[in-house]
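Right, one structure below, let's go through it.
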Amino acid sequence: MDIIIAGTGKTGLTLARQLIAEGHDITLIDTNARVLESALERCDAMAVCGNCASKKILLEAGVKKADLLIAAADADEVNLLCCMTAHGVNKSIHTIARIRRPEYAEQVMTMPEIFPLSLTVNPEKRAAAEIERLLKYPGFLRRDTFAKGRVEIVELRIDEQSKLKDVSLSEMSGIVKCRVLVCAVLRNGEAVAPSGNFVLRSGDRIFVTAPTAHLTVLLKNLGIITRRVRKVLICGGGRVSFYLAKLLEDDNISVKILDRDYNRCVELAELLPGATVCRADCSSQQTLESQGIREVDAVACLTGMDETNIITALYADKLGMPQVITKISRGDNGFADTLPLGSVICPKELCSNDIVRYVRAMQNQTGAAISLHTIADGQVEAVEFLVDSSTRNRDLPLKKLKLRSNVLIASITHGANTEIPNGDSVFTEGDTVVVVTSGRGVLKQINDIFA
């Protein structure tokens, strides 16, 4: 497909590289020639320098023949005008806009005839919702949900005290005492698709598929003691922190926010009357101690600087903090695998996953993915599909199917019941199937899983 990406910041560049890898023709638009030149050094794309909301620039970028426009400029107003102008020139174009301001998001939802948007994304709000889910279920580094919340892929780290250290996967069920599937293991930065005789080692990060109802049993039998989060310290007062604090207030969780900027602290104090907001330097050990870091149940490191977030997370881990969450702007820097940063959240990756799923659905309206998550530092995809009348091999036992070599069926949901499949399992029309695949080839529709 011909896709225009307006804005070559972190989100725009991530999307460009991923969509180019999937065979799409990409044209980038940005007002900054140097930023655009840097982007072209990293990906094989066309480029137009100028204002993406200008009809002249959009025509130069080929908007008349484009299939999709993704507006990811810094300003919401520019993204909205860009999409409206593109739709005025090309009525059949699909448009996706990054909208961060809540009032604009509401307008888009209630005035679709004015704002012809196919999809809106808000990376910060999406990241906040992800962090809230982790805080509600301490013990996991990450949780990705499928089948309307009935099945999850959760991430755990194997350390020296873990009951799974030096245990083969075939022996794991005797320890966890519930039906789960280890669908991927990240060892020394490399993703592995493990077999039953694979032995887990200290330092491994494992990705476990399990029905949501079994997660408590899994944690209990692994000896991972969790308690309800009641107090959270948020380092940084940016958009993610604001959205997260709003969610935690609704959950009756006490929130304290630290930020260096006085004006931002005043603004947050007005917007969040139920939170405690303090002007403080999150990178200072003395400040963190004086602000009561030892008295909270979780620390969320959400400043705009990766370095500050990493330093704060390392100190919180050193103190034995029950739960640490670290926001990073780049998901490909390898920190998650080498440093004890707790749960690592990358807003642009969460946003990119939603957009990539939409792009694949555009190509394959029948059998397209319902949800898409990247795991194992982006080396593995977990994709959920609905089984319909066009799906091949329905009602056949899995042991009789010929799947692609890099594909694993991780779960099958029949109505309200989810199973971790074995060779005798079948999927029928109306079921949802979660498939895990490594980076070789793209699963655009469910029939792509078959050899």
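The values are calculated or read from the model by the stated rules, or taken from the named source; none is laboratory data. Because the structure is predicted, anything quoted here is derived from the model rather than measured. Heads up, the Cβs are rebuilt from the backbone with ideal geometry, glycines too, and the neighbour counts pull from every protein chain shown.
Numbers below:
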| quantity | calculated |
| --- | --- |
| Residue ranges of strands (runs of 3 or more DSSP E) in region 359-440 with at least 2 members closer than 20 Å to A193 by Cα | 369-375, 380-386, 407-414, 432-438 |
| Failed item, numbered, when G237 is tested on (1) at pLDDT below 90; (2) in a loop (DSSP other than H, G, I, E, B); (3) not hydrophobic (A, V, I, L, M, F, W, C) | (1) |
| For P273: the one exception among (1) over 28 Å from N353 (Cβ atoms); (2) surrounded by fewer than 19 Cβ atoms within 10 Å (Cβ to Cβ); (3) within 27 Å of the chain's Cα centre (by Cα) | (3) |
| Tally of residues being surrounded by fewer than 16 Cβ atoms within 10 Å (Cβ to Cβ) and assigned to a strand (DSSP E or B) across region 441-451 | 1 |
| Single unsatisfied condition, V296 versus (1) touching a residue at least 60 places away in the same chain (Cβ under 8 Å); (2) touching a helix residue (DSSP H, G or I) at 6+ places or on another chain (Cβ under 8 Å); (3) surrounded by 19 or more Cβ atoms within 10 Å (Cβ to Cβ) | (2) |
| Selection within region 199-221 - buried (at least 19 other Cβ atoms within 10 Å of the Cβ), part of a helix (DSSP H, G or I) and among the hydrophobic types (A, V, I, L, M, F, W, C) | L215, L218, L219 |
| In region 417-442, residue farthest from V383 (Cα to Cα) [restricted to those that are touching a Lys or Arg at 6+ places or on another chain (Cβ under 8 Å) and hydrophobic (A, V, I, L, M, F, W, C)] | V426 |
| Residue selected from region 148-182 under the condition over 28 Å from the mean Cα position of the chain (by Cα) and aliphatic (A, V, I, L, M), by the criterion farthest from V199 (Cα to Cα) | I175 |
| Strands (runs of 3 or more DSSP E) wholly inside region 111-190 that include at least 2 residues being closer than 23 Å to D377 by Cα and not assigned by TED's automatic domain parsing to the domain that holds T95 | 142-146, 151-157, 181-187 |
| Test for A369: is it among the aliphatic types (A, V, I, L, M), at pLDDT below 90 and either in the same structural domain as L117 (by TED's automatic domain parsing) or crowded, with 21+ Cβ neighbours inside 10 Å (or both) | yes |
| Region 402-416 - residue that is without any contact (Cβ under 8 Å) to a residue 60 or more places away in the chain and exposed (fewer than 15 other Cβ atoms within 10 Å of the Cβ) and, of those, nearest to L181 (Cα to Cα) | S405 |
| Region 60-85, residues that are buried (at least 17 other Cβ atoms within 10 Å of the Cβ) and either closer than 17 Å to A47 by Cα or not assigned by TED's automatic domain parsing to the domain that holds M111 (or both) | A61, V63, A66, D67, L68, L69, I70, A71, A72, A73, C82 |
